[in-house]
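**Q** Below you will find the structure I want to go over with you.
Throughout, read-outs are computed from the coordinates displayed, never taken from laboratory work. Just so you know, these numbers come straight off a predicted model, no measurement behind them. Positions of Cβ are generated from backbone atoms using ideal geometry, with glycine treated the same way; all protein chains shown enter the neighbour counts.
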């Protein structure tokens with residue numbers, strides 16, 4: 001009775017969720033209506049953080065400021081939020097490897113990673129963002145590419161490409177021209193064609209599309225490298241996180257959320273074509289680009305778990321972010337992990 005009374009007192013009217021434009025089981029579960037259906041059985045509504053009109057609410061996509069919220073997407077923002085003291089829990093991970101590469105135009109006469117020595121590599125910079133995840137993503141990709149090429153950062157010139165446009169604009173902003181969002185790499189492409197840089201880093205389905213658009217040559221590819229310390233970046237793996245209030249006061253709802261998201265893996269295996277279409281819709285890109293960036297078996301890589309190797313990879317990436325001063329403080333990733341919702345969800349499936 002005490003537990004039931006506690007849940008009654010702490011019954012939220014609404015929960016918030018954030019999902020990145022990326023291949024995640026949460027995004028597909030949301031598209032299928034499963035997330036709303038699951039919470040509706042408890043009399044709880046569900047609202048999208050990215051679609052909120054209030055910029056302060058949209059900011060929770062990055063800083064996890066909202067109680068009664070959960071998120072799956074790039075790992076830099078939740079790592080940054082946890083580093084800054086926001087009490088969240090890491091309750092699941094999805095690893096979907098993706099295209100990552102340093103690219104250049106054929107006319108630059110750069111054929112291999114070794115040829116990057118002494119060259120100018122573009123690095124995005126958004127000084128008005130609380131966490132410049134795009135800069136951190138690009139720098140990690142560049143460092144990985146240089147490492148496997150026998151080079152170091154000091155061997156190249158990193159060129160800052162500054163943009164003051166907010167990453168999260170309102171969904172009806174005229175600058176989208178009817179699309180859902182702004183694609184990345186506009187500053188890099190412009191700088192490349194102005195002759196200000198020789199190469200830059202791209203990733204994911206958008207990166208493949210941009211490489212195709214400019215007729216680029218892939219100089220170093222890192223996204224499918226066998227060493228997880230090379231391939232890990234903002235998009236691999238993608239964590240599912242929840243605020244501590246939600247996890248502690250309604251563990252039953254959090255476990256049900258995990259179970260709902262886990263259902264996507266079986267659904268995708270049984271509906272591979274629709275799974276790819278769902279990913280393409282989420283990113284706002286073509287299905288061909290998804291298959292080129294993530295491979296023809298992408299629908300098989302929508303599992304939600306807490307693989308120890310992927311947790312170690314997150315810890316390594318956290319160390320990189322701390323070393324390069326993208327996050328304010330160090331913390332123990334293992335203590336961030338909360339395995340209870342996943343264990344409860346699995347137990348419920350077995351009973």
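**Q** Calculate the FRET efficiency for residue 316 and residue 348 from the Cβ-Cβ distance with a Förster distance of 25 Å, rounded to the nearest 0.05.
**A** Numbers: r = 33 Å, r/R0 = 1.30.
Computed FRET efficiency for residue 316 and residue 348: 0.15.
**Q** Given points 7 Å out from each Cα along the Cα-Cβ axis, report the residue 182 to residue 307 separation in nanometres with one decimal.
**A** It is 3.4 nm.
**Q** Just to confirm the number: angle between the C-alpha axis of helix 308-323 and the first principal axis of the chain, 0 to 90 degrees, nearest 10?
**A** Taking Cα atoms only, the helix is inclined about 60 degrees.
**Q** Between residue 86 and residue 54, what is the spin-label point distance in nm, taking each point 7 Å from the Cα along the Cα→C-beta axis?
**A** For the pair residue 86/residue 54, the computed spacing is 1.5 nm.
**Q** Right, something else. Taking only the Cα atoms of the chain, how large is their convex hull per residue, in Å³?
**A** Details: hull volume 47.5 nm³, N = 351.
Residue-normalised Cα hull volume stands at 135 Å³.
**Q** Also, quick follow-up: Just the number, please: percent antiparallel of the DSSP beta bridges in the range 100-231, rounded to the nearest 5. Don't skip to the answer; put the middle values down first.
**A** Working: 8 of 15 bridges.
Rounded to the nearest five, the antiparallel share is 55 percent.
**Q** Hey, another quick one. Take residue 334, project a point 7 Å from its Cα along the Cβ direction, then tell me which residues of the range 291-306 have their backbone nitrogen under 15 Å from it.
**A** Under 15 Å, as judged by backbone N against the label point of residue 334, lies no residue of the range 291-306.
**Q** How far is the Cα center of the range 192-259 from the Cα center of the range 34-112, in Å?
**A** A separation of 10 Å, based on Cα centres.
**Q** Same structure, new question: Residue separation times 0.36 nm, minus the C-alpha to C-alpha distance between residue 36 and residue 252: what's the value?
**A** 76.2 nm
**Q** What is the order of 99, 39, 224, fewest Cβ neighbours within 10 Å to most? Walk me through the numbers before you get to the answer.
**A** Values: 99 23, 39 20, 224 14.
With the fewest neighbours first, 99, 39, 224 line up as 224, 39, 99.
**Q** Spin-label point model (7 Å from Cα, Cβ direction): what's the residue 325 to residue 297 distance in nm?
**A** If labels sit at residue 325 and residue 297, their model points lie 4.3 nm apart.
**Q** Work out Dmax and Rg for the range 100-231 from the C-alpha atoms and quote the Rg first, both in angstrom.
**A** Just the Cα atoms of the range 100-231 yield Rg and Dmax of 14.7, 46 Å.
**Q** Between helix 272-283 and the chain, what is the angle of the helix's C-alpha long axis to the longest principal axis, kept within 0 to 90° and rounded to the nearest 10?
**A** 70
**Q** Would you order 222, 24, 260 from fewest to most other beta-carbon atoms within 10 Å of each residue's own beta-carbon?
**A** Details: 222 25, 24 28, 260 21.
By the 10 Å Cβ count, ascending, the order reads 260, 222, 24.
**Q** Moving on to the next point. Out of 22, 199, 53, any idea which swings most in a Gaussian network model of the chain, alpha carbons joined below 10 Å?
**A** Of 22, 199, 53, the most mobile in the Gaussian network model is 53.
**Q** Angle between the Cα long axis of helix 251-270 and the longest principal axis of the chain, 0 to 90 degrees, nearest 10?
**A** 60
**Q** Tell me the relative contact order for the range 100-231 as a rounded percent, counting alpha carbon contacts under 8 Å between residues six or more apart. Walk me through the intermediate numbers first.
**A** On the way: 204 pairs, mean separation 59.1, N = 132.
Dividing the mean separation by the residue count of the range 100-231 yields 45 percent.
**Q** Along each of the three principal axes of the Cα atoms of the range 14-162, give the extent in whole Å, ordering the values from largest to smallest.
**A** Rounded to whole Å, the extents work out to 61, 29, 26 Å.
**Q** Please identify, among 269, 234, 294, the residue showing maximal mean-square fluctuation in a Gaussian network model of the chain using a 10 angstrom Cα cutoff.
**A** Ranking 269, 234, 294 by mean-square fluctuation puts 269 first.
**Q** I've got another one for you. Counting other beta carbons within 10 Å of each residue's own, what order do 213, 161 fall into, fewest first? Please report the intermediate quantities before stating the final value.
**A** Values: 213 10, 161 23.
Fewest to most other Cβ atoms nearby, the residues stand as 213, 161.
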